[in-house]
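The values are calculated or read from the model by the stated rules, or taken from the named source; none is laboratory data. Remember, it's a predicted structure, so these values are computed and weren't measured experimentally. Cβ placement follows ideal geometry from the backbone for every residue including glycine, while neighbour counts extend to all protein chains displayed. Accessible surface areas use protein heavy atoms only, side chains included; no ligands, DNA or RNA. Shrake-Rupley method; radii C 1.70, N 1.55, O 1.52, S 1.80 Å.
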Amino acid sequence: MMDKNSSIYVAGHAGLAGSALVRRLHNLGCHKLITKSHLDLDLRSQFDVNEFFHQEKPEYVILAAAKVGGIWANNTYPAEFIYDNLAIEINIIHASWMTGVKRLIFLGSS
């Protein structure tokens with residue numbers, strides 16, 4: 001079981017699912033939440049993600065981050081969406097493993 005004093009990184013904290021998770025965790029008494037906007041941390045950059053994980057050392061990670069768009073955007077730029085989303089996923093999963101994160105929760109979608 002996770003201690004309420006554990007550091008928790010919520011990737012995608014500003015999105016629909018991520019913001020709901022941050023609110024819920026905060027309401028449960030978890031106050032060591034780590035968040036970074038996409039302007040402050042490019043999750044597509046392996047170097048940036050690795051540096052962030054080594055500096056912040058989160059104990060738990062919730063991966064709710066993704067490049068999202070509407071039907072038109074997804075149909076018009078399918079390669080860009082899948083490339084960016086795969087880069088985000090692989091960078092966070094790998095950095096979590098490399099830095100000894102205790103548990104990673106990955107919210108995936110189709």
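Tabulated data for the structure shown
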item	result
The chain - Rg over Rh from alpha carbon coordinates, Kirkwood radius	0.98
Fully extended contour minus Cα-Cα distance, from residue 84 to residue 6, at 0.36 nm per residue	25.2 nm
Most mobile of 35, 76, 99 in a GNM of the chain (Cα contacts under 10 Å)	76
Under 19 Å between alpha carbons - lysine pairs in the chain that sit 8 or more apart or on different chains	8
Sites residue 24 and residue 106, calculated FRET efficiency, Cβ-Cβ separation with R0 25 Å, nearest 0.05	0.90
Value at 222 nm in deg cm²/dmol, rounded to 500, when DSSP H runs of n ≥ 4 in the chain each add -39,500 (n - 2.57)	-14500 deg cm²/dmol
Within the accessible area of the chain (1.4 Å probe), percent carbon and sulfur	58
Three-way shape call for segment 21-81 based on the alpha-carbon gyration tensor, with the a/c threshold at 1.5	oblate
Per-pair calculated FRET efficiency, R0 = 22 Å: residue 31 and residue 98 via Cβ, rounded to 0.05	0.25
At R0 = 35 Å, FRET efficiency that the Cβ-Cβ distance of residue 48 and residue 75 yields, to 0.05	0.75
Per residue value of the accessible surface for the chain (all protein chains in place, 1.4 Å probe), Å²	67
